[in-house]
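Below: the structure, in structure tokens.
Every read-out reported here was derived from the displayed coordinates using simple, explicitly stated rules and does not represent laboratory data. Small disclaimer: the values here were computed from a predicted structure and weren't measured. Because the Cβ atoms are built from the backbone with ideal geometry, glycine has one as well, and the counts that use them run over all protein chains shown.
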């Protein structure tokens, strides 16, 4: 089958693949730049992109804004000016600052989930940056796109529908994950149908990109055959030479077994999928003392939260994979070696 490029407005990715944004520090300039260099869309996570800056602990926001700017510009260089997107979670404090920074630094697209990005068109209105909400259902797609239409006379440039096999925070209740997994194909079809209404209204193509559990060429083709325009893949890109995370983090994916992957609690009230370790076991019976608040997530209250998610994610990406939080997708156990970005993309495209 002739696999078409992924077209998002005037952006054209030769491969219909978006590399999912992974924070803290897992998908920064090296991973995103190399994915983009090979014809897909690279994504930088806006979750603490300045965690390695010298003043991060004392001047967190400024360090993150500086870090995000540096990583976007570096990714653009690595990719020979390929397509670079930034994933900005709605649940983040300083959401507006991160979106505006992405625009000013030259990113091509904002991908936004972990909440409904209702005001994203307002923040991006004076720019040509593309905007793509992440939704978990046709209802969520309808709410976001109807709001954008009513308040801004604007629609999405792409819509990412993320299923329950994804890594990190999930947009589903913990007790509904199995049901949602079984009905995800129908869910994708209903999002495609819902978005068609807005395509007609705005007389433009709004590509649907499917995320969560896409692991093989066959997985990708299944969704393209349903009518999606592309897929978003994250977990496999962790175990690549180009990934920005510590080698211990990458090896946690290579070495984990199916039974090591579990749903854990998150301070933001959503289930999160991670690799079982000392931290996730501790959290089953007690809280982990918080010594510093990074003021990262809006719903988080340091007085009552079970642990600091920023601290846990930073520990992990720096190599402490026992005391840190190692978010992963449901298929992480299927990874058995560290590969290159090019190998992962060739496997997805079935290029021998």
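Label-to-label distance for residue 287 and residue 323 is 2.0 nm, based on points extended 7 Å past Cα in the beta-carbon direction. Its residues counted as N, segment 37-195 yields a C-alpha radius of gyration over 2.2 N^0.38 Å of 1.09.
What share of the DSSP beta bridges in the chain is antiparallel, in percent to the nearest 5?
Numbers: 11 of 36 bridges.
Approximately 30 percent, going by the DSSP bridge assignments.
When peptides 204-210, 86-92 are ranked by their average number of other Cβ atoms within 10 Å per residue, the highest-first order is 86-92, 204-210. Extending 7 Å from Cα along the Cβ direction at residue 57 and again at residue 343 yields two label points whose distance is 3.7 nm.
May I ask you to derive the FRET efficiency for residue 118 and residue 70 from their Cβ-Cβ distance with R0 = 25 Å, giving the value to the nearest 0.05? Between residue 118 and residue 70 the formula returns 0.25. Taking a point 7 angstrom from the Cα of residue 139 along the C-beta vector, which residues in segment 178-199 have backbone N less than 11 Å away? Of the residues in segment 178-199, none has backbone N under 11 Å from the label point off residue 139. From the square roots a ≥ b ≥ c of the eigenvalues of the alpha-carbon gyration tensor of segment 193-236, which class results: rounded (a/c under 1.5), prolate (a/b over b/c), or oblate? Verdict is prolate for segment 193-236.
Reported to the nearest whole Å, the Cα centre-to-centre distance from segment 236-290 to segment 300-334 is 6. Model label points for residue 178 and residue 4, set 7 angstrom from Cα along the Cα-to-Cβ axis, are 3.9 nm apart. Rounded, prolate or oblate, given the Cα gyration tensor of segment 21-117, with a/c below 1.5 counting as rounded? In terms of gyration-tensor shape, oblate. Calculated mean residue ellipticity at 222 nm for the chain: -11000 deg cm²/dmol, from DSSP H runs with n ≥ 4 weighted as -39500 (n - 2.57), summed, divided by the residue count and rounded to 500.
Over segment 112-197, all Cα pairs binned in 5 Å intervals from 0 give whole-percent P(r) values of 3, 14, 26, 23, 16, 10, 5, 2, 0, listed from short to long.
Answer rounded, prolate or oblate for the chain, using the Cα gyration tensor with square roots of eigenvalues a ≥ b ≥ c: rounded when a/c is under 1.5, else prolate when a/b is larger than b/c, else oblate. Cα axes put the chain in the rounded bin. In plain terms, the bigger the Kirkwood radius, the slower the diffusion; for segment 137-251, with that radius from Cα pairs, at 25 °C and 0.890 mPa s, Stokes-Einstein puts D at 158 µm²/s.
Projected onto their three principal axes, the Cα atoms of segment 255-333 cover extents of 35, 24, 22 Å, largest first.
For the pair segment 7-56 / segment 77-92, the C-alpha centres are spaced 5 Å from each other.
Peptides 237-247, 96-106, 282-292: what's the order by average Cβ count within 10 Å, highest mean first? Can you show the working numbers first?
On the way: 237-247: 21.5, 96-106: 19.2, 282-292: 11.4.
Output ranking for 237-247, 96-106, 282-292: 237-247, 96-106, 282-292.
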